[in-house]
Amino acid sequence: METNTDISPAEWQVMRVIWTLNEATSAQVIEILQRKEDWQSATIKTLLHRLVKKGALKTTRHGRAFIYQPLVKEQTTMNDAVDQLFSSICQMHAGKSLIHVIEHTELSKQDIASLQDLLAKKAVDAPETVKCNCVPGMDMNC
């Protein structure tokens, strides 16, 4: 199934609940998000409905309750969002953006070791500078 993983920040909050619980009733999602975000139940139901329409969630009826389950994997969806973001920014600024993310994100020792290994491998063939990709065919100094 092809899905639209263009998920809004509010929809991310809903997906995080569903991914964490693996499946949840609308009542469970509402209860959690009302405590966390102080949202109205109608808002949360709208977000759930949008995620179903986008193909990110499936819903099944169990008596009077609706049960939601993810149709997209959490890591795949995060990777797609990051790829989409970085494909839309100037490549000359991508490194600085990654540095910013690393500086402001808590990482495990294993994550840091994996990053160090990957960066050491990338350093072997890395260019001295990265070219601007904002205007095709032109070298820009962004």
Pairwise label distance in nanometres, Ala42 with His93, each label 7 Å out on the Cα-Cβ vector: 3.8 nm
Karplus-derived HN-Hα couplings along segment 22-32 (A = 6.51, B = -1.76, C = 1.60, θ = phi - 60°), whole Hz, x at Gly and Pro: 6, 7, 7, 7, 4, 4, 5, 4, 4, 4, 5
For segment 108-115, Karplus couplings with θ = phi - 60° (6.51, -1.76, 1.60), whole Hz, Gly/Pro x: 7, 4, 5, 4, 5, 4, 5, 5
Of (i) 62, 38, 31; (ii) 46, 38, 25; (iii) 47, 31, 22, the label for Cα extents along the principal axes in Å derived from the coordinates: (i)
Spin-label pair Asp80/Glu106, simplified geometry with 7 Å Cα→Cβ offset, distance in nm: 2.8 nm
Label-point separation, Glu31 to Gln116 (7 Å along Cα→Cβ), nm: 4.5 nm
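Of the heavy-atom accessible surface of the chain (probe 1.4 angstrom), what whole percent is carbon and sulfur?
Answer for the chain is 54 percent, counting heavy atoms of protein chains only.
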Degrees separating the helix 41-53 axis from the principal Cα axis of the chain, which is the longest one: 60 degrees
Accessible area, probe 1.4 Å, largest first, for residues Arg64, Arg16: Arg64, Arg16
Cα-based helix-to-principal-axis angle, 91-103 vs the chain, degrees rounded to 10: 60 degrees
Distant-in-sequence amide H partners of Trp39 (H built 1.01 Å from N, under 5 Å): Gln34
Size of electric dipole in the chain: Cβ of Lys, Arg +1 and of Asp, Glu -1, about Cα centre, debye, nearest 20: 640 debye
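The values are calculated or read from the model by the stated rules, or taken from the named source; none is laboratory data. Owing to the predicted nature of the structure, the values given are computational and were not obtained by experimental measurement. Cβ coordinates were reconstructed from backbone atoms using ideal geometry, including for glycine residues, and neighbour counts include every protein chain displayed. Ligands, DNA and RNA are excluded from the accessible area calculation, which covers all protein heavy atoms including side chains. Shrake-Rupley method; radii C 1.70, N 1.55, O 1.52, S 1.80 Å.
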